[in-house]
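The values are calculated or read from the model by the stated rules, or taken from the named source; none is laboratory data. Everything quoted here is computed from the prediction, not taken from an experiment. As a convention, Cβ positions derive from the backbone with ideal geometry for all residues, glycine included, and neighbour counts pool all protein chains shown. Note: areas computed on protein heavy atoms with side chains; ligands, DNA, RNA excluded. Shrake-Rupley method; radii C 1.70, N 1.55, O 1.52, S 1.80 Å.
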Amino acid sequence: MTAIEPTSAFTGYAVRNRRGEALGTVTDFILDRELERVCYVVVSLREGFLGLRHKDYALPYGAVELDTENECFVTDLAHYDLRDARELRHDDDHEAQPPSAYRYHGIDAVRRGVP
């Protein structure tokens, strides 16, 4: 893997917590146009009977780290942290979502370089 990759190269990567539990799959990324960088990773979680239903959540990019050896993203969050968060709906105004996602996950947005 080179140092510069398109975000599409990471779509479909698994998201796991530090205990190795699968939390979901990366489906998209949200960019901050003013900062010109990725601020959120959109993670799809399978839920419900037989995992037939899925919900998307915006995880602050600072809440995940890329594990290049295992080709996945790793986070300190547990499945219940995501399940209890606000679902990202595709008709949502993304400008309204990110600050609340940072607050929900207890991440200092300023420390992570996000306004």
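If R0 is 30 Å, the Cβ-Cβ spacing of Tyr80 and Leu31 corresponds to a FRET efficiency of close to 0.60.
Amide H to amide H, with H built 1.01 Å from N, Phe29 comes under 5 Å of Val42, counting only residues 5 or more places away or on other chains. The simple Förster model, with R0 at 25 Å and r as the Cβ-Cβ distance, assigns Ala3 and Glu71 a FRET efficiency of 0.95. The phi-based Karplus calculation (6.51 cos²θ - 1.76 cosθ + 1.60; θ = phi - 60°) puts the 3J(HN,Hα) values of region 25-37 at 9, 6, 10, 6, 9, 10, 9, 9, 5, 5, 7, 6, 7 Hz, whole numbers, x for Gly and Pro.
With the whole protein complex present, Thr11 retains an accessible surface near 70 Å², based on a 1.4 Å probe.
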